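**Student:** Have a look at this one before I ask anything.
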Amino acid sequence: MNKTVIEKITHIVGEKYVKSSTAQLLAYSYDATANFQRLPDLVISPGNAEEIAEVLKVCSEYKISIIPRGSGTNLAAGTVPYEGGIVILFNRMDQILNFDKENLTITVQPGIISENLCTFVESHGLFYPPDPSSMRISTIGGNVSENSGGLRGLKYGVTKDYVKGLQVVLPNGDILETGGKLAKDVAGYDLTSLFVGAEGTLGVVTAITLKLIPLPQYKMTSIAYFESLEDAARTVSSIIANKIIPVTLEFLDKKTIIAVEQYMRIGLSTDVEAMLLLEQDGEMYQVEQDVNEMVRIAKDNGALFTQIAKDAQEAEQIKIARRVALSALAKLKPTVILEDATVPRSELAKMVMSINDISEKYMVNIATFGHAGDGNLHPTCLTDLRDEDEMQRVEAAFEEIFEAALTLGGTITGEHGVGEMKAPYLEWKIGPVGITVMKNIKQAFDPNNIMNPGKVFAKETKKRVVVDGGN
Amino acid sequence: MQQQMQQSFETNVDENLLLDCMRCGFCLPSCPTYLHTEQDEAQSPRGRIALMKAVRDGIVPFDASVEKSFDLCLGCRACEPACPAGVQYGALIEQTREAVQEVKHSSFLEKTTRTIVFNNLFVKQKNMEHAVSLLHFYQKTGMQKAVRKIGFLNLFPKHLKTMEASLPPVAKKIQPLKQVKTAAMKVAFFTGCLMDTLYKETNDKTVSLLQMLGVDVIIPDNQNCCGALHGHSGELKRGKQNLILNVELFDSDDYTYIVNNAGGCGAFLKEYEKHLHSDERYREKAIRFSKKTIDISSLLVKAGLLDYLATLPQQANQTLVTYQDSCHLRNVNKVFNEPRMILQALPNVHFKELQNAHTCCGSAGIYNLLQPALAGDILDAKMATIKALQPTVIVTANPGCLLQIQAGIHKAKLEVSMRATHIVDFIYNSIAKYSKIS
């Protein structure tokens, strides 16, 4: 990077907040996505939106890429530099700006850790439901830019359902304010929604106003084991058809259960095909009624074994299998690739069976767990980056999984985002018209293509694999 | 030198262990250096592992910034329990330091400290005894006061002075406790070099507490330094002889446990089996050794201390007590309940949990000597939580932690209202009046 640019940027944010050592550049060359790594030219920690605006003006002038980064827990290489550029960190912008109990909103800077925000509002009897698994580390800014989901998505929705307003620095240095604390607001295009999930390709989010709801008072947990996938899937459909919307409805397949049992030795039955974790929150009588009803439905649909936790401690115990699922799988092989193909919940069983068939066809090891209630599965491939032959088969298998999800009316990504990793597949989902519309939007905001380049849009779309009607 | 360094990383740092890291970032909030450097990823476990791999793969050169990242690691291993993939970070940082030490000539200051520490003090316990007997003399003759006044210590770096101020007084002879139980158990005591010299009294109390419960304690002669400080600093090759001598010395069917009272040593003893795994002659012995290793709190609980404490009358005057975890005891040996259970059961104790008791105090072996600035910041944060709680006693389970917390109390001028102590001393003193042989 040109010396003048470095001097100008340093002048704006202050020397103390510019990182450029070998170790620091390497430390911001990756996120949680396997096999993606490229060094940035500079890493900065600006203190406010005005500084970011000045930085973006310089970057526009010199055509320098900007990569906004929260805590780097992204699973689609959304925060890996594409061609050098400047990584922007928000560690100095982590404050609560306004907490409004009358309007039930909170306005925060993007760098606040998601869990810290949740703990804060819960201490006031309020609730911010989105709970991505990385919430202990992830930032709200990252959650907004990725439109993160989580375990409570079925009942409470995802990040976009809680974002009411944003402050965004545009690539030309203008500062845009969208939305606000309002419950109703139809003044023009819904620009707030446009920036949620834009993966930092349109502007830099610098303040976020979130909607809060009252904290549910009571919660109950139960589990059910099944000898067939179909029984588990029928249970899921039947629960929803009975007008129960549980807060969590999680699924573990046989391979995952075996991995958990090998790792924890907690006496899980490893000859079952599937496990469901069912939770409800709300008023006590309603919660009890719903949980009992869900367990009855599970039994009616052939559950081999069910259990309702007596108290919070027992709830933690029976939830352990779901909680350690990824860890247990991760210990089996050096490389773990976690995907998030999503289908309408009615297609859950078909999707899981497709994944199993594909895994066999390509001779790769894929275990599946995930959010059954919203059809959001996490096929998790256990492999080794050093095995080139296998890595090629893994890629082919995932392409076929994407295709299978799309055939069932699903999507290539439910909650991880497109990033660089899935960019070659985006057109499969949204079609050439979708790509053109999105590219025009990108062009309108970021004509110089400095905002997180190489993400969302690929140079080339992958050739679509043809699946012969599910073999 | 770059090529040499890369080769040294290839030889010393296990690629399989590096690949276990899936870069999820779950370790970040557990890492004291990450939190104390305004969340600098280069000072996080994930960042350090990425750096180890990058140097090994030749993606980046090994320069001062990379070296600093490795040097600033406390080795507290808080990242290990936080890791969902079971990455053996402790092994990786030790291998990395080994790789670096092999190639690089140590800086002058570090070299001097290292030479004194590793070549002299910790290799032979005799040397440690000499050093301590000088100290003994120095304290006994009242020279401590005089020397402090004259300012002899101004010749040393500031942090050494703070440490010196917190050195314990000379050991007194202790009163043995009368036997109250008959735990039919025979154990060997791994005395530890710091504990057996600076903290001789604590060791005597350890034996006395065990004997009180009817445990038969054997103390094998000619014990060697456990090798932990060597291991943590990339000097394991120099320290390996210690490991071998110890597994030989303690290889006996006579006793069920090998007990220690220093968290740092205990964790390393528990990992002898890993360190000697590739050595066929000692592998089996090391496995036996590590399996028998136990910390004093866990052993006291096993020997029935809690049952005995339940028979004692509660005292009216209760002392506000808290516990600071030893990182290694907690993160490696996974022991954190037993010390708390014992403290809560003592008749004179009102126990309150210290906020962030599980985070490192900044002592970390000789880290506070090598990285005084960051160690000081970490200690200040620790002292802030301690001040907020206002305990009368802060109980620790490792001599390094004890010295560090004492230094913190001294620095914050809180000696009037609080003190730090080793868990064994605290237990002994709390129950002595019930069980002393009169």
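**Student:** More than 16 Å from A:F226 (Cβ to Cβ) and either touching a residue at least 12 places away in the same chain (Cβ under 8 Å) or in the same structural domain as A:R393 (by TED's automatic domain parsing) (or both): is that true of A:V336 in this structure? Let's see the steps before the verdict.
**Tutor:** Details: more than 16 Å from A:F226 (Cβ to Cβ): yes; either touching a residue at least 12 places away in the same chain (Cβ under 8 Å) or in the same structural domain as A:R393 (by TED's automatic domain parsing) (or both): yes.
Judged against the criteria, A:V336 is a match.
**Student:** Of the residues A:S20, A:S65, which single one is surrounded by fewer than 19 Cβ atoms within 10 Å (Cβ to Cβ), of a type in the set (S, T, N, Q) and in contact with a helix residue (DSSP H, G or I) (Cβ under 9 Å, 6 or more places away or on another chain)?
**Tutor:** Working: A:S65 fails: surrounded by fewer than 19 Cβ atoms within 10 Å (Cβ to Cβ).
Only one candidate passes the filter, namely A:S20.
**Student:** On the given criteria, is B:Q39 outside any loop (DSSP other than H, G, I, E, B), more than 22 Å from A:T380 (Cβ to Cβ) and without any contact (Cβ under 8 Å) to a residue 12 or more places away in the chain? Give the steps one after another, and end with the answer.
**Tutor:** On the way: outside any loop (DSSP other than H, G, I, E, B): no; more than 22 Å from A:T380 (Cβ to Cβ): yes; without any contact (Cβ under 8 Å) to a residue 12 or more places away in the chain: yes.
It is false that B:Q39 is outside any loop (DSSP other than H, G, I, E, B), more than 22 Å from A:T380 (Cβ to Cβ) and without any contact (Cβ under 8 Å) to a residue 12 or more places away in the chain.
**Student:** Considering only residues of region B:1-26 that are buried (at least 19 other Cβ atoms within 10 Å of the Cβ), closer than 30 Å to B:H358 by Cα and at pLDDT 95 or above, which is nearest to the other protein chains (Cβ to nearest Cβ)?
**Tutor:** Only one residue fits best here, namely B:L18.
**Student:** So, in region B:193-221, of the ones that are of a type in the set (D, E, K, R) and in a helix (DSSP H, G or I), which residue ends up surrounded by the most Cβ atoms within 10 Å (Cβ to Cβ)?
**Tutor:** We begin by selecting, within region B:193-221, every residue of a type in the set (D, E, K, R); these are B:196, B:200-201, B:204-205, B:216, B:221.
Narrowing the set further to residues that are in a helix (DSSP H, G or I) leaves B:196, B:200-201, B:204-205.
Details: B:D196: 21, B:K200: 19, B:E201: 20, B:D204: 19, B:K205: 25.
By that ranking, first place goes to B:K205.
Per-residue answers, yes or no, for (1) buried (at least 24 other Cβ atoms within 10 Å of the Cβ); (2) free of Cβ contacts under 8 Å to residues at least 40 places away in the same chain:
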residue: B:V321; (1), (2): no, no
residue: B:S326; (1), (2): yes, no
residue: B:I342; (1), (2): yes, no
residue: B:K352; (1), (2): no, yes
residue: B:S363; (1), (2): yes, no
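**Student:** In region B:51-82, how many are more than 8 Å from chain A (Cβ to nearest Cβ) and not in a helix (DSSP H, G or I)?
**Tutor:** Matching residues across region B:51-82 total 9.
Residues are listed down the side, and each one gets a yes or a no for (1) aromatic (F, W, Y); (2) free of Cβ contacts under 8 Å to residues at least 60 places away in the same chain; (3) in a helix (DSSP H, G or I); (4) under 30 Å from A:E61 (Cβ atoms):
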| position | (1), (2), (3), (4) |
| --- | --- |
| A:E399 | no, no, yes, no |
| A:G419 | no, no, no, yes |
| A:K429 | no, yes, yes, no |
| A:V433 | no, yes, yes, no |
| A:N448 | no, no, no, yes |
| A:T461 | no, yes, no, no |
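Okay, residues lined up against (1) under 30 Å from B:L18 (Cα atoms); (2) of a type in the set (G, A, S):
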| residue | (1), (2) |
| --- | --- |
| A:Q24 | yes, no |
| A:Y30 | yes, no |
| A:P40 | yes, no |
| A:V55 | no, no |
| A:S65 | no, yes |
| A:T73 | yes, no |
| A:P81 | yes, no |
| A:F90 | yes, no |
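**Student:** Scan A:T461, A:T436 and give me the residue that is more than 20 Å from the chain's Cα centre (by Cα), farther than 23 Å from A:V205 by Cβ, surrounded by fewer than 21 Cβ atoms within 10 Å (Cβ to Cβ) and at pLDDT 95 or above.
**Tutor:** A:T436
**Student:** Also, I was wondering about something else. Identify the residue in region A:90-108 that is touching a residue at least 60 places away in the same chain (Cβ under 8 Å) and within 14 Å of another protein chain (Cβ to nearest Cβ) and, among all such residues, is nearest to B:E41 (Cα to Cα).
**Tutor:** The qualifying residue nearest to B:E41 (Cα to Cα) is A:R92.
**Student:** Taking B:P45 and the conditions (1) within 18 Å of A:S138 (Cα to Cα); (2) buried (at least 23 other Cβ atoms within 10 Å of the Cβ); (3) at the interface with chain A (Cβ under 9 Å from one of its Cβ atoms), which numbered condition does it fall short on, given that it satisfies the others?
**Tutor:** Answer for B:P45: the failing condition is (3).
**Student:** Quick check, is A:R323 within 19 Å of A:E227 (Cβ to Cβ) and free of Cβ contacts under 8 Å to residues at least 12 places away in the same chain? Walk me through how you get there before you give the answer.
**Tutor:** Details: within 19 Å of A:E227 (Cβ to Cβ): no; free of Cβ contacts under 8 Å to residues at least 12 places away in the same chain: yes.
Against the criterion (within 19 Å of A:E227 (Cβ to Cβ) and free of Cβ contacts under 8 Å to residues at least 12 places away in the same chain), A:R323 does not qualify.
**Student:** Consider A:Q37 against the criteria (1) under 18 Å from A:G203 (Cα atoms); (2) touching a Ser or Thr at 6+ places or on another chain (Cβ under 9 Å); (3) within 14 Å of another protein chain (Cβ to nearest Cβ): it satisfies all of them except one. Which criterion is unmet?
**Tutor:** (1)
**Student:** Looking at this structure, is B:K237 surrounded by 17 or more Cβ atoms within 10 Å (Cβ to Cβ) and of a type in the set (D, E, K, R)? Before the answer, list the steps.
**Tutor:** On the way: surrounded by 17 or more Cβ atoms within 10 Å (Cβ to Cβ): no; of a type in the set (D, E, K, R): yes.
So B:K237 fails the test.
The values are calculated or read from the model by the stated rules, or taken from the named source; none is laboratory data. Please read all numbers here as calculations on a predicted model, not as lab measurements. Cβ coordinates were reconstructed from backbone atoms using ideal geometry, including for glycine residues, and neighbour counts include every protein chain displayed.
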